[in-house]
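Every read-out reported here was derived from the displayed coordinates using simple, explicitly stated rules and does not represent laboratory data. None of these values were measured; they are calculated from a predicted model. Here Cβ is always computed from backbone atoms with ideal geometry, including for glycine, and neighbour counts include all displayed protein chains.
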Amino acid sequence: MRTNKPLMAMMLSMVAWGVGNPFSDYSIDGLSPYATFFAEMVTGFILFFAIAIFSPAVRNSIRHVPWKLAIPFGLIQPGLAYLCGNIGFQYGSVTTGAMLMSSEVIFLALGGAVILREKLALSSILALAVGISGAVIVGISGAANNPETAGLHVDIIGFSVPAGLVGAMAFLGVGLSGAIYGLFTRRLSPDINVMSLTLGQVTTAVGMSSLTLLLTKTPVPNPIENGLYFWAAVMGGLLGTTLPFFLFNYAAPHLTTKQTAITLNIIPVVAIFSGAVLGRGLPVGKQYLGIVLVLISLLALETKAGEAVAT
């Protein structure tokens, strides 16, 4: 049986994002969302050039960045998505974020059907529904008794807004940003150098994060003053920027929107277990049911994809 390399690359990118989320959530305990955003983006930027030292192909990509694509792509992903995600972590938990950020699956599937005119077979609709249901169960079960935002409010331009609502809207912003990005990458030309595009995206996001620090008058994070919180943000950047975006950019043009949508369900499952390891909360009763549903969804997707490759 032949391996579907784009599908495997896409799944690996989702695993990396899932593992990275709890690190970002932990860093918010000691850093502002803007400082974490900056540390993550700069880390991804440094990682790219560290790889370039040992890879001629990566070094060559530096001279061929498609800036007309990279700038808007980078502002959306990782730019806006990571900024919204960090704001969400300030007013919510990994579990809550896993639930609401999985809305990307819904936005992406609907966008593929409406904008790209992709037909959804009944089996694909069922697989998508099973995956979404599993992701939602994973999130709701963990968020049901979340004390982090109870009774807290945030002042926004003179209005007192419940902190939980702010976090929820920020997490939904991540889902919408990811879906828009996923739809754009479906139309990428095979001739685009994915390493060059990834560099351009991360560079754009570094500029965005730097401007955010200036506008919010946030001190530059450092390991001396911020200790483990700084290093958690660095880990979030290592796992959540250059590596997964390279894999995603490579895989997206070779997969359908529904394949990408269903693999997104890996993120909340991995995020919950990674969060448990980092002490950000253990899975509870119904979360295990959700995890099983997500795995069934992925198995159905991989089986269909394998059949397509074989034919």
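Just order 4-15, 194-205 by mean Cβ neighbour count inside 10 Å, highest at the front, would you?
Answer by packing, highest mean first, reads 194-205, 4-15.
Local charge for Y181 was computed over the other residues whose Cβ lies under 12 Å away, with Lys and Arg +1 and Asp and Glu -1, and equals +1. With the highest mean first, a sort of the peptides 177-184, 70-77 on other beta-carbon atoms found within 10 angstrom per residue produces 177-184, 70-77. Here the Debye sum runs over all C-alpha atoms of the range 1-70 as equal scatterers in vacuum, and log10 of I(q)/I(0) at q = 0.11, 0.15, 0.17, 0.27 Å⁻¹ comes out as -0.44, -0.78, -0.94, -1.11. Centroid-to-centroid, using Cα positions, the range 7-68 and the range 149-217 are 14 Å apart. Peptides 78-88, 26-36, ordered by how many other C-beta atoms sit within 10 Å of their residues on average, highest first, read 78-88, 26-36. Once backbone amide H atoms are built at 1.01 Å from N, H153 has A163 as its partners under 5 Å, excluding neighbours fewer than 5 places away on the same chain.
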